[in-house]
Each structure stands twice: as C-alpha cells, then as structure tokens.
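Everything below concerns the one structure shown next.
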Amino acid sequence: MSLFGSLNLPPKTAVNLLIGAGALVLFLLLGMVPKQQHLGELSDQIDQAKFEIEQQNTLWPLYEKMQEIAAAGGAQAPQVPAKELLNQEQVSHVTDTLAQIIVSTGLEAESVAPDPSSLGKGSKALSVTIRVKGEMDRFRQLLTELAALPSFVNVQTVRISQSPTKKEYTVTVWLAAG
C-alpha cells in the first residue's frame, strides 16, 4: 500500500505530486520568507523616515526664527543690570512686582509665593516660587525678564507639566535681599 493508496494514484503521479509540493514549499521558504523580512526592514525604514520628517517639522519654526535674526544682523546680548539687593520695602512688594512681570509676558499667573524663612539665619537671598500657565515661548520670555532683574541670583528649579488646556510651569528663583 502506497502513501496515496486510498486515492488510487499511479506511482508516477504520486511522485510528481510530491515533487510539486516540495517545489512549492521550497518556493515559499526561499522566495517568500526573505521578501517578508525585507518588507519588515522597509517598514522600519519608513518609520524612521516619518520620525525624521516629524523632527524636521518641529524644528522648522526655530530655524526660520534664527534665519530672521541672522538677516537682521544677528542677536544682541541683553544688557545685564548692575546687581542690587532688595531692601525691606521691595521684599514686601516682590509678589506684586513679579505678578506684573508675569502679566507683561502674557502668561496666566497661578501663584507667586515668597518663602520668608529663606531670609532667616543671615541669608542674603529670598526664595520665590512662581506657578504660571501658558505657552513655552512666553515662559522663556518670563525667565529672560526674571534674569534681567537687578536682584536676580539664580533659578533653583523648573518643573513643566501638561494640564488639560495649557502647560503649567513652576519655577523657584532666588533674589538677593539685604
């Protein structure tokens, strides 16, 4: 009884059928599998190209802005004022002063909280935590204006988080006080 005994195929037909099935399997293994792997590699290349395009689209506005600055003769370094210590009256009005700066940059003020305990124990600097909402460009402008204050010492921390509507920024700055 042969392999195809129940089909009643002649032995030559059974051999030809086995050879054909073997050729089909070889075609699949040698032809289709490498093509499938090649398609996977092409898919990875497409994903990489999409990422690079997205990256270029993100950086394009910055490039255009830099081109405008270069065409206008280059960027000018901001004038840094002479350092001054905040006196007692200025310390008491620091919240109002910083709130005015926040409003002038177009950000939405959440809170301006000076830490009076930072002035204790002979410290010559006042810690102020500022929370605002708005666009990143306006936040950069706020940082620039804070750094231009005569009493500015440094930025201690910056935290950025996403609220449902806008980005939220929390920055802790130190101002020199005397």
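The values are calculated or read from the model by the stated rules, or taken from the named source; none is laboratory data. Keep in mind the model is a prediction, meaning the values are calculated, not measured. Cβ coordinates were reconstructed from backbone atoms using ideal geometry, including for glycine residues, and neighbour counts include every protein chain displayed.
Structure above, values below:
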{"quantity": "Only one of Thr97, Thr58, Thr144 that is within 20 Å of Val171 (Cα to Cα), of a type in the set (Ser, Thr, Tyr) and within 23 Å of the chain's Cα centre (by Cα)", "calculated": "Thr144"}
{"quantity": "The range 5-54 - residue that is modelled with pLDDT under 90 and of a type in the set (Ser, Thr, Tyr) and, of those, surrounded by the most Cβ atoms within 10 Å (Cβ to Cβ)", "calculated": "Thr13"}
{"quantity": "Residue check, Leu98 touching a Gly at 6+ places or on another chain (Cβ under 7 Å) and of a type outside the set (D, E, K, R)", "calculated": "no"}
{"quantity": "Selected residue [part of a loop (DSSP other than H, G, I, E, B), aliphatic (A, V, I, L, M) and farther than 30 Å from Thr170 by Cβ] from Leu24, Leu9, Leu39", "calculated": "Leu9"}
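Condition check ((1) of a type outside the set (Gly, Ala, Ser); (2) surrounded by 13 or more Cβ atoms within 10 Å (Cβ to Cβ); (3) out of contact with any strand residue (DSSP E or B) (no Cβ under 6 Å at 6 or more places or on another chain)) across all residues:
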position: Ile102; (1), (2), (3): yes, yes, no
position: Glu108; (1), (2), (3): yes, yes, no
position: Ser111; (1), (2), (3): no, no, no
position: Ser127; (1), (2), (3): no, yes, no
position: Lys133; (1), (2), (3): yes, yes, no
position: Gln141; (1), (2), (3): yes, yes, yes
position: Val155; (1), (2), (3): yes, yes, no
position: Tyr169; (1), (2), (3): yes, yes, no
